[in-house]
2 protein chains.
Amino acid sequence: MKRLDTTQPDFKAEFAGLLADRDSDTARVDGPVTEILAAVRARGDDALCEFTNRFDRANVTPATLRITAAEVEAACAQVPARLLESLEVAATRIESFHKAQMPSDMRYVDDAGVTLGMRWTALDSVGLYVPGGKAAYPSSVLMNAIPAHVAGVGRIAMCVPTPDGALNPLVLAAARRAGVTEIYRVGGAQAVGAMAYGTATIAPVDRVVGPGNAYVAEAKRQVFGTVGIDSIAGPSEVVVIADGNNDPRAIALDLLAQAEHDPMAQSILITPDAGMAAKVEQAVATELETLPRAEIARTSWDAHGAIITVRDLNEAADLVNTIAPEHLELMIDDPAPVFDRVRHAGAIFVGRHCPEAIGDYVGGPNHVLPTSRTARFSSGLSVFDFIKRTTFIEAQPESLRRIGPAAVSLAQAEGLDAHALSVSVRLADLDRRA
Amino acid sequence: MKRLDTTQPDFKAEFAGLLADRDSDTARVDGPVTEILAAVRARGDDALCEFTNRFDRANVTPATLRITAAEVEAACAQVPARLLESLEVAATRIESFHKAQMPSDMRYVDDAGVTLGMRWTALDSVGLYVPGGKAAYPSSVLMNAIPAHVAGVGRIAMCVPTPDGALNPLVLAAARRAGVTEIYRVGGAQAVGAMAYGTATIAPVDRVVGPGNAYVAEAKRQVFGTVGIDSIAGPSEVVVIADGNNDPRAIALDLLAQAEHDPMAQSILITPDAGMAAKVEQAVATELETLPRAEIARTSWDAHGAIITVRDLNEAADLVNTIAPEHLELMIDDPAPVFDRVRHAGAIFVGRHCPEAIGDYVGGPNHVLPTSRTARFSSGLSVFDFIKRTTFIEAQPESLRRIGPAAVSLAQAEGLDAHALSVSVRLADLDRRA
């Protein structure tokens with residue numbers, strides 16, 4: 001863990017180092033991924049099964065790639081009723097927020113008499129990647145599938161690796177709650193390839209979404225263009241802005257809740273209160289003594305964690321805008337001024353009663369959020385990932401007369417004579433009829 | 001040019017061939033682009049100038065990379081007043097449409113007492129790529145820069161290659177009108193690399209947008225993640241749905257207006273009227289005799305053009321949904337039913353008085369649109385490319401009590417104990433105070 005202080009002369013260099021410290025750790029996997037994708041594209045199910053059997057120590061054939069409805073039911077029957085109720089609370093709230101997020105079509109007639117507008121339509125099909133193994137999160141299934149359903153996507157295919165044959169009952173229960181019925185036991189770059197290019201068993205989709213490891217991220221990058229993708233997810237991050245009026249244990253747990261995700265996760269506390277900084281640091285050490293995932297959390301906290309003391313909360317907000325964190329908590333008396341000053345963050349958790357974990361499960365907004373400073377230019381998953389716009393223009397004779405000549409003149413200047421003629425023959429025709 | 005007929009038994013195979021015929025033509029340029037990007041990243045301005053001097057037969061140094069305000073003014077002075085007026089018509093209309101497109105923030109309190117919402121903020125900086133050489137289009141400058149300005153982007157950097165030193169006065173006039181003052185005489189993958197990674201002369205941007213050749217497209221693909229990008233643009237396409245009541249020459253010119261862009265462009269006429277099909281085919285041949293860009297247009301039309309005769313307009317709309325064309329013209333008596341049935345198209349031009357060229361210049365909606373069937377999952381350039389969402393949640397004690405326990409339960413089920421504890425310590429604290 002690094003201790004930084006904005007009043008110190010070396011702060012700028014230290015802060016730049018903090019922002020860069022996870023960049024160099026990214027594994028280079030583009031070569032292997034290119035090979036996997038090419039194999040899946042060329043040999044379809046055969047390659048898909050080979051990779052799955054090798055990487056997940058499985059024994060699948062094209063006939064058993066799909067997880068059956070009976071398997072889903074059997075798995076769901078293992079989930080305790082109380083947990084299904086919690087899943088229902090989460091699903092209902094996620095559904096409600098994403099419904100509120102749906103945009104409206106636009107249509108208007110402007111002062112030249114031209115009808116203009118844009119119309120939103122859903123994608124026909126979407127592929128959801130759900131990580132397996134240590135990161136098999138049922139909540140991610142809800143967060144990916146529900147916005148697609150709310151958007152009106154007709155077909156949702158889901159791929160989840162089942163290493164050593166292990167099905168995660170709660171993952172399947174989440175898929176069932178979200179209405180996903182087409183589920184395949186495949187993961188990694190091979191799953192992304194199957195969804196993008198299609199195989200005999202898995203029909204291609206129009207867009208692949210969902211978080212994954214370095215291979216999944218690289219595969220998404222490589223299939224981009226053939227299909228759409230969402231943002232490429234990196235390790236999780238949180239910035240907590242805390243004043244002196246906090247329970248240090250609560251703040252420490254917020255930092256550790258990111259750190260326990262991944263050794264590469266990053267948790268940063270920013271505080272104007274040096275006493276709080278010290279207390280939180282001590283509380284982190286105390287919690288690490290008993291936390292079940294202490295090994296992961298300690299690795300993350302030691303390597304990437306930071307406590308930054310600042311002069312005031314404005315300075316804190318300015319640092320946040322440089323970090324552009326995935327998650328931002330405002331654990332302060334008066335969050336509004338900081339909230340207004342922050343421009344770049346994936347999601348903001350406002351006030352002491354809203355730890356980030358609320359947003360991971362039951363808040364309503366999506367927990368798939370831009371990482372690695374990409375909140376500077378991108379947004380979390382939403383209904384916007386599952387719809388697209390068609391713009392339209394309708395001109396009547398009079399409006400064509402008003403705006404057409406400028407188009408002719410510009411087309412001629414660009415040396416595009418067919419463009420110019422396509423307008424001018426219509427203008428000439430209108431003149432003849434007038 | 002291919003003639004297809006939906007009533008013929010080989011239609012399905014012919015149509016699939018038509019959709020695939022441009023796929024295999026894409027040049028493989030990923031290797032050279034990787035090298036160019038690595039060089040620009042490692043050696044900055046030196047590499048940028050070397051590539052520019054080699055590819056554009058120029059003689060630039062870091063000191064002369066930027067096009068000066070005096071050069072811009074001198075160039076603009078060469079543009080005829082009538083052309084500047086046409087540019088103004090276009091710019092005003094583009095501005096007006098994109099202002100109408102700006103979404104609103106959202107904030108509400110739900111029935112659990114949780115405040116939820118999302119806020120849109122502009123990107124800090126954007127890089128605009130403007131093609132040079134044969135595709136140096138002033139209209140593209142307006143279409144890229146104006147939405148960024150409307151969105152509120154603080155810094156807009158523009159890169160335009162000037163092969164053999166040739167500045168395009170109307171391109172610079174368009175930049176001036178759109179308020180772009182930071183312009184560099186560089187192009188290709190090296191320009192994309194400079195904007196993404198930054199050099200001593202060109203500060204890095206948050207997102208790179210704008211159409212370009214295969215090198216530019218591949219470079220955008222490779223820098224994705226470091227910066228945001230817009231859709232990767234392929235060669236232009238149009239589908240014209242025409243009934244029997246058209247001037248065949250007007251329809252022919254609409255087809256040729258796409259074909260004259262690029263030998264790889266694709267123009268498709270779909271009509272239920274075999275007589276109109278024949279007349280348009282003849283009119284295309286006639287226009288090609290005199291069209292200045294006939295060589296390009298003929299290559300495109302011969303290799304990729306098609307006339308498809310259909311049973312009725314519903315069938316036409318269904319074909320459009322498979323093609324997902326960049327541009328769709330509805331040159332029919334009653335466009336509404338077809339308009340409603342089409343789900344996948346970048347932009348629709350409704351009615352006989354609105355040829356696609358109107359949308360290229362003065363319609364208002366953006367002319368940077370998804371190509372190569374990507375309208376299935378993506379949209380044209382818009383203000384949405386220059387803003388991003390931050391979601392937020394604010395919970396009060398009572399609402400934390402209502403939704404917190406479900407979060408604790410799900411976090412425990414996912415084995416994320418710090419997540420669970422971060423909520424449960426706050427719930428326990430509320431209980432103590434109660």
Sequence-distant residues sharing a close amide H with A:V186 (under 5 Å, placed H): A:V160
Given a 10 angstrom Cα cut-off, can you work out which residue in A:D417, A:D333, A:D21 is the most mobile in a GNM of chain A? A:D417
Please work out the FRET efficiency for the pair B:A203 and B:K99, using the Cβ-Cβ distance as r and a Förster radius of 35 Å; give the result to the nearest 0.05. 0.80
For the Cα atoms of chain B, what angle does the longest principal axis make with the long axis of helix B:81-101, in degrees from 0 to 90, nearest 10? 40 degrees
Based on alpha-carbon centroids, what's the gap between segment B:280-319 and segment A:98-170 in Å, whole number please? 37 Å
For the ranges A:223-231, B:311-319, A:248-256, what's the packing order if you count other beta-carbon atoms within 10 Å of each residue, average per peptide, and put the highest first? A:248-256, A:223-231, B:311-319
For chain B, just the Cα set please: Rg and Dmax, both in angstrom. 25.7, 88
With the cut-off at 19 Å, tell me which of the pairs A:K12/B:K220; A:K12/B:K388; B:K12/B:K279; A:K220/B:K220; A:K388/B:K388 have Cα atoms farther apart than that. A:K12/B:K220; A:K12/B:K388; B:K12/B:K279
How big is the charge dipole of chain B about its Cα centre, in debye rounded to the nearest 20, if each Lys and Arg gets +1 on its Cβ and each Asp and Glu gets -1 on its Cβ? 1220 debye
Sorted from shortest, what are the nm distances separating the label point of B:T286 from equivalent points in the other copies, each placed 7 Å from Cα along Cα to C-beta? 9.0
Teacher prompt: B:A77 distances to equivalent labels in other copies, 7 Å Cα→Cβ, nm: 8.7
How would you rank A:E281, B:E71, going from fewest to most other Cβ atoms within 10 Å of each one's own Cβ? B:E71, A:E281
Net length gained if the chain between A:R432 and A:T61 were fully extended (0.36 nm per residue, minus Cα distance): 126.6 nm
From fewest to most C-beta neighbours within 10 Å, the residues B:V350, B:V171 line up as B:V350, B:V171
In the neighbourhood of A:A173 defined by beta carbon distances under 14 Å, the net charge of the other residues (Lys, Arg +1; Asp, Glu -1) is -2
Grab the other residues whose beta carbon is less than 10 angstrom from that of B:R107, score K and R as +1, D and E as -1, and report the net. -1
Segment A:30-75 - charge dipole about Cα centre, Lys and Arg +1 at Cβ, Asp and Glu -1, debye rounded to 20: 80 debye
Calculated from DSSP H runs of 4 or more alone, at -39500 (n - 2.57) each and per residue, what is the 222 nm mean residue ellipticity of chain A, nearest 500? -15000 deg cm²/dmol
Burial ordering of B:E50, A:E289, B:E95, B:E218, fewest other beta-carbon atoms within 10 Å first: A:E289, B:E50, B:E95, B:E218
Select from B:A265, B:L421, B:G228 the residue farthest towards the positive end of the dipole of chain B; place +1 on Cβ of Lys and Arg, -1 on Cβ of Asp and Glu, and compute about the Cα centre. B:L421
Using a 10 Å cut-off around each Cβ of peptide A:395-408, what is the average number of partner chain Cβ atoms that fall inside? 6
Hey, can you grab everything whose amide H is under 5 Å from the amide H of A:V60? Only 5+ residues off in sequence or another chain; H modelled, so Pro and N-termini drop out. A:N53
Can you run the Rg to Rh ratio on the protein assembly as shown? Use alpha carbon positions and the Kirkwood inverse-distance Rh. 0.98
Among B:140-148, B:239-247, A:179-187, how do they line up by average Cβ neighbours within 10 Å per residue, starting with the highest? B:140-148, A:179-187, B:239-247
Give, as a single signed number, the net charge of other residues whose beta carbon lies under 9 Å from the beta carbon of A:R207, with Lys and Arg counted +1 and Asp and Glu -1. -2
As a percent rounded to 5, the proportion of antiparallel DSSP bridges among beta bridges in the protein assembly as shown is 25 percent
For helix A:188-197, report the angle its Cα long axis makes with the longest principal axis of the Cα atoms of chain A; keep it between 0 and 90° and round to the nearest 10°. 10 degrees
Give me the percent of DSSP beta bridges within chain B that run antiparallel, rounded to the nearest 5. 25 percent
Any idea what the dipole of the protein assembly as shown comes to, in debye rounded to 20, about its Cα centre with Lys/Arg Cβ at +1 and Asp/Glu Cβ at -1? 60 debye
If amide H atoms are modeled at 1.01 Å from N in the peptide plane, then the residues at a separation of 5 or more from A:E237, or on another chain, having amide H under 5 Å from its own are A:Q266, A:E326, A:H327
Round to the nearest 10 and give me the degree value, 0 to 90, for the angle of helix A:397-413's Cα axis relative to the longest principal axis of chain A. 80 degrees
Listed residues B:L4, B:V284, B:P80: farthest to the positive end of the dipole of chain B (Cβ charges): B:P80
Under 1.5 on a/c is rounded, so check that first for segment B:313-359, then, if it is not, pick prolate when a/b is larger than b/c and oblate when it is not; a ≥ b ≥ c are the square roots of the alpha carbon gyration tensor eigenvalues. oblate
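Every number here is computed from the coordinates shown, using simple stated rules; none is lab data. A quick note: this is a predicted structure, and the numbers were derived from the prediction, not measured. Using ideal geometry, Cβ is built from the backbone for each residue, glycine included, and neighbour counts are taken over all protein chains shown.
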